[in-house]
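Worksheet: one structure, shown below.
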Amino acid sequence: MISIYYTEDNKLLKSETILPDSWVHLVKPTVEEVQLLHDSLNIDIDFLRASLDEEERARLEVEDGHTMMIVDTPIVESAGDGHMYSTIPVGVALTENNIITISLKDVPVLKYFYDFRMGKFSTKKRNRMLLQILYRNSTLFLSYLKQIDKMSTTVEQELHKSLKNQELIQMLKLEKSLVYFATSLKSNEVVMEKLMRMSFVKKYPDDMELLEDVIIENKQAIEMCNIYRDILSGTMDAFASVISNNLNIVMKLLTSITIILSIPTLIASLWGMNVGVPFGNNPFGFVIVIGIAVLIALGSAVIMIRKNML
């Protein structure tokens, strides 16, 4: 799908054709749409195809006067009865007259722009808009990291009273999300440092300052991601041990109860034989046998309690 936007009088408007100073946004485009964009704006078709590859690495290229960048952006995906955070590449290209964005899915970082929630931006200021996309992307990473931290705290509270694997599996999903984030943030950092050396950024002090802010936000996201990942990994190891220990306590209790209950069963089995047994002719023999079984069982229970086995 191709959408074309342009700004005028601080408003974001849509167009049916590619105009000068417009923003061309592609979401999961068809082969024909990719070819159309290549023919219309002379964008490298390999770059367009690479932006649709989920495994494509972040990079920055300049070719034929076009600045082409691929960065990783965070997304939220449904995973069973919960959510999982992941990343996908987004391509951004700057031509002489247009800015082009392309992604495999409708990503939140660009949705803020075409929903016009980002605030003031202009499709005429392509370089500035590129930096604003990067800034929004970094802040989105920070926002999702805070959500992951809150979710891990909630799951941790559930783990205090759980003997099931569901919470541990959910923690594993969060840890996997942090691994994706850490890898993508480091790749984005390399791209931003390379962008810092580009002449069109150095040309305007405001753009240079904005890019520095982007790099700072990205570094903060990397540090937060590493901290949360270490905490989550330690928490999972600790609670895996706690769950295993709780299970051992339950098994020990059940084993002790089984031993105590087996004593009356053993005595009843011995006195149930078709041979002569003590108290066989005693009118109170049944009561005596039951009493002996109860006393032995109680004695065993007392011994187990003293030895902290029950």
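We did not get these values from a lab; they are worked out from the coordinates using the rules stated. Note that the structure is a prediction, hence the values are computed from the model and not measured. Glycine gets a Cβ as well: all are built from the backbone with ideal geometry, and neighbour counts include every protein chain shown.
Straight distance only, please: which lysines reach the Cα of residue 28 with their own Cα at less than 23 Å, same-chain residues fewer than 8 apart left out? Here the lysines satisfying the reach criterion relative to residue 28 are 14, 105, 111. Annotation: peptides 245-256, 286-297, ranked by per-residue average of other Cβ atoms within 10 Å with the highest first, follow the order 286-297, 245-256. Quarter the surface of the alpha carbon convex hull of segment 1-152 and you get the mean projected area, 9.5 square nanometres. Relative contact order, whole percent, for the chain stands at 15, derived from Cα pairs under 8 Å and 6 or more residues apart. With 0.36 nm allotted per residue and the present C-alpha distance subtracted, the residue 124-residue 38 stretch has 28.9 nm of extension available.
Long hydrophobic helices in the chain: the complete DSSP H runs spanning 27 Å or more by Cα along their own axis with mean Kyte-Doolittle hydropathy of at least -1.0 are 126-159, 166-196, 205-271, 285-306. Working ranking of peptides 262-268, 89-95, 9-15, 219-225 by packing, defined as the average number of other Cβ atoms within 10 Å per residue, highest first, is 89-95, 219-225, 262-268, 9-15. Amide H contacts of residue 87: 75, each under 5 Å away and 5 or more positions distant or on a separate chain (H built 1.01 Å from N in the peptide plane; Pro and chain starts excluded). Just to be sure I understand, if you calculate log10 I(q)/I(0) by the Debye sum over Cα atoms at q = 0.07, 0.11, 0.15 Å⁻¹ for this structure, which of (1) -0.46, -0.76, -1.13; (2) -0.34, -0.75, -1.11; (3) -0.25, -0.64, -1.24 do you get? So the calculated entry is the one marked (1).
Just grab the label-to-label distance for residue 169 and residue 233, each label 7 Å out from Cα along the Cβ direction, in nm (one decimal). The answer from the label model is 2.4 nm.
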